[in-house]
Amino acid sequence: MTATTDFEVHSARGPFNAAFFRVMGPYIEWSVRRHKRRVFADLPPTVVEIGSGVGANLRHLAPGSTLVAVEPNPHMHRQLSAAADRRGVHLDLRDRVAEHTGLPDHSVDAVISSLVLCTVTDPAAVLAEIRRILRPGGTYRFVEHVAAPAGTPTRALQRALRRPWAWTFEGCSCERDLAGALRDAGFARLDVEPYRLHSPFITFNTQIAGIAHA
Ligand SMILES: C[S@@+](CC[C@H](N)C(=O)[O-])C[C@H]1O[C@@H](n2cnc3c(N)ncnc32)[C@H](O)[C@@H]1O
């Protein structure tokens, strides 16, 4: 592991997660479609995505667009590449972590993510990196799952399941206050909508979607 590839690749859980998101992708997409359509509307021709996985968000890019995909799990790469080909999106794949994208300061119009800030090692460092690479007026559009309000049964379940959940989903936490992290990150403007899904994955049902403006 180095500063730019600070990601532990699991020989079993890496392929498992690639397969899980390929199989469950359509269901997850259906669950969050309204929120993704709103925040991923009118993306520019070149978009940076952190944690692209197997390409769940390619459908929100116009054919002919370029996706700069910052994705450190090599088990995702083949399917991501194939999905980009199918969608007619040019893929610029970066085998790096979102904490260190290697992209120049103020060089990007839009950054997107879905279900990634729950898994990165350091969400504050990732948000600082996103602010660093965005041009003034650029946008970070996100759909993420977050901690349920303290004292609720969902929050208790998130607490109880935190270890097996994190083990299975390569470090994913259901206990992060990501709206708070976004507010603390110093964006010029922030629109965040909290909502609740009704999926069988109860710990994952408390979510936020929104747009942060650099
Ligand atoms: C839960 S999956 C979500 C994938 C995809 N965005 C989706 O919505 O299906 C989390 C993704 O974040 C990636 N990831 C984990 N740590 C990361 C990091 N530090 N920087 C960038 N991506 C990371 C994982 O490899 C995985 O592809």
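What follows is calculated from the coordinates using simple rules that are stated; it is not laboratory data. A quick note: this is a predicted structure, and the numbers were derived from the prediction, not measured. Here the Cβ is made from the backbone with ideal geometry for all residues, glycine too, and neighbour counts use every protein chain on show.
Taking other C-beta atoms within 10 angstrom as a stand-in for reagent exposure, SER113, SER173 fall in the order SER173, SER113, fewest first.
Here the simple spin-label model places points 7 Å from the Cα toward Cβ, and for ASP42 and GLU8 these points are separated by 4.4 nm. For the stretch 126-214, the gyration tensor built on C-alpha atoms gives a prolate shape. Its axis ratio a/c (a ≥ b ≥ c) is at least 1.5, and a/b is the larger of a/b and b/c. Rounded to 0.05, the FRET efficiency of the PHE201 and ARG34 pair, given R0 = 22 Å and the Cβ-Cβ distance, is 0.80. Magnitude of the charge dipole for the stretch 13-213, about its Cα centre and with charges confined to Cβ atoms of Lys, Arg (+1) and Asp, Glu (-1), is about 560 debye. A DSSP coil position with no more than 13 other Cβ atoms inside 10 Å describes the following GluC sites (Glu not before Pro) in the stretch 2-71: GLU8. Summing +1 for each Lys or Arg and -1 for each Asp or Glu among the other residues whose beta-carbon sits under 13 angstrom from that of ALA166 gives +2. Between VAL192 and ALA160, the C-beta separation translates, for a Förster distance of 30 Å, into a calculated FRET efficiency of about 0.65. Cβ-Cβ distance of PHE16 and ALA124, R₀ of 41 Å, FRET efficiency by 1/(1 + (r/R0)^6): the value works out to about 0.90.
Averaged over residues, the count of other Cβ atoms within 10 Å places the peptides 72-79, 53-60, 13-20 in the sequence 53-60, 72-79, 13-20, highest first. Highest mean first, the peptides 37-48, 146-157 sorted by other C-beta atoms within 10 Å per residue fall in the order 37-48, 146-157.
A straight chain from ARG86 to MET24 at 0.36 nm per residue would run longer than the Cα-Cα distance by 20.5 nm.
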